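To start, the structure under review is shown below, and the notes come after it.
Where a number appears in this text, it was derived from the coordinates with a stated rule and is not lab data. Note that the structure is a prediction, hence the values are computed from the model and not measured. Here Cβ is always computed from backbone atoms with ideal geometry, including for glycine, and neighbour counts include all displayed protein chains.
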Amino acid sequence: MNILARFVVVFLFLGVVAGAASAQTITCSSEDGKRHYCNADTRWGIELVHQNSGSPCAEGYSWGYDQRGIWVDHGCRADFAVQSAPPTMNCSSEDGRRHHCAAEIRGGVELIRQRSGSPCVKDQTWGYDERGIWVDRGCRADFALVSSVYRDDENPPTVSCSSDDGGRHFCEADTRRGVRLARQISGSPCTQGQTWDYDERGIWVDRGCRAEFALRLRHRHDWDRDHDHDPNRDH
């Protein structure tokens, strides 16, 4: 086998491994023609990968998903891929002008990593609409596409935290359920893991980052607890 062929084989193998690592497969069945739930973490989306039944599996009619898991109905039996992390994409304004990147944005978009020196500020240098994600004025960043069935509350509490002197500062906050950057205020970039992050003490900012941070209100187990006494839920 020549070097090029070996490279292709290795590349394809790594691609398969990466794909397998990003999702797990769950089989869910409506053997009796009635609705059944299968436990799954649906935060980042579900995809039907293989139908096993003669009865059709049509999303919204005979299968779907919500905070409780995957549901099937009307005889649908299928294998579903459970995404273990939100799908992400890069969008860049290399020339300083506005650019659109096509994306499925039904559940919303979150900036997860700024790559440019130019600030990425929501609704100023980046945002999203029915066409997808847009970036402007040199913003380059990675964005997470959030599942439409697992959104934070419409008005999550926010905390402002600032590194006005360029040093590291902590801001007290309830970070147990997670934090996301809601709006960058500074010209200095706010990049998670580099100039901002959080731990059990609260949110920290560094190197001139000034931003507003949204505190997540619910874990998946909170949804589970809310539905524990649902008489229509299958066990």
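Mind giving me the nanometre distance, one decimal, between the label points for residue 84 and residue 129, set 7 Å out from Cα along Cα→Cβ? The modelled label-to-label distance comes out at 3.8 nm. Taken along the Cα-to-beta-carbon direction at a fixed 7 Å, the label points for residue 32 and residue 104 span 3.2 nm.
Pairwise alpha-carbon distances in the range 88-215 exceed 26 Å for 20% of all pairs. A simple spin-label model places the labels of residue 197 and residue 168 0.9 nm from each other, with each point 7 Å out along Cα-to-Cβ. Counted residue by residue at 0.36 nm each, then reduced by the alpha carbon distance between them, the extension gain from residue 137 to residue 112 reaches 7.2 nm.
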